[in-house]
Amino acid sequence: MKSIKQRQIFLLLVALFFVHNASGNAPRVVDLKTPDGTILKGTYFAAGKPGPGVLLFHQSNRTRKSWNEVARKLAAAGINTLTIDVRGHGDTGGHLDNWTGPKWKEVRKEWWPGDLDAAFEFLVSHPALRAM
C-alpha cells in the first residue's frame, strides 16, 4: 500500500502536468458527513464539464486551502477537484485536543477510513464525473 506522502507526490505531479489558466468557475464549499457524524469541510472545484475527478488531502500542518491554486488549475484542465480539511484541521470538526501521545495513531486509524470514504463518495457521486 502506498504511503500518504507517495500519494501526495503523485497528485502534485498530476497537478503540475495539467497546469493551465485558472477556471472561471467559482469553487463551492461543501459539508461531508462521516459515518460517526463528524462534518468534514471541503471545497469542490468544478471543471465546468463532465470529466475525471481528483481528491486532494493536505499535509498535517496545512488545510484544504493549501491546495486552492492547484485545484483551480486542475479544474481549468477539465478535472473536477475536491479538497478536504481532515478531521481536526481547518474548518472541519473533531478537535484533536485529546488525541496525542502513543494512542494517536490507533485513534486515527479508527476514523480515517470513514472520512476518506465520505470524501470519495461525494466526489464519485457528483454528476460532473464520468467513468474513466
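At a glance:
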read-out	value
Which numbered condition V29 fails, given (1) surrounded by 14 or more Cβ atoms within 10 Å (Cβ to Cβ); (2) modelled with pLDDT of 70 or more	(1)
Tally, over the range 47-77, of residues that are surrounded by 16 or more Cβ atoms within 10 Å (Cβ to Cβ) and farther than 28 Å from W111 by Cβ	7
Scan of the range 42-74 for residues that are over 13 Å from L123 (Cβ atoms) and small (G, A, S), ordered by number	G48, S60, S66
Scan of the range 62-79 for residues that are part of a loop (DSSP other than H, G, I, E, B), in contact with a strand residue (DSSP E or B) (Cβ under 8 Å, 6 or more places away or on another chain) and hydrophobic (A, V, I, L, M, F, W, C), ordered by number	I79
T63 among the polar types (S, T, N, Q) and at pLDDT 85 or above	no
For G24: the one exception among (1) at pLDDT 70 or above; (2) surrounded by fewer than 16 Cβ atoms within 10 Å (Cβ to Cβ)	(1)
Yes/no for T83 being outside any loop (DSSP other than H, G, I, E, B) and in contact with a Gly (Cβ under 8 Å, 6 or more places away or on another chain)	yes
Matching residues in the range 31-46 - criterion: being part of a strand (DSSP E or B) and among the polar types (S, T, N, Q)	T43
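The values are calculated or read from the model by the stated rules, or taken from the named source; none is laboratory data. It should be emphasised that the depicted structure is a prediction, and the values quoted were computed from it without experimental measurement. All Cβ positions, even for glycine, are placed from backbone atoms using ideal geometry, and neighbour counts span all protein chains on display.
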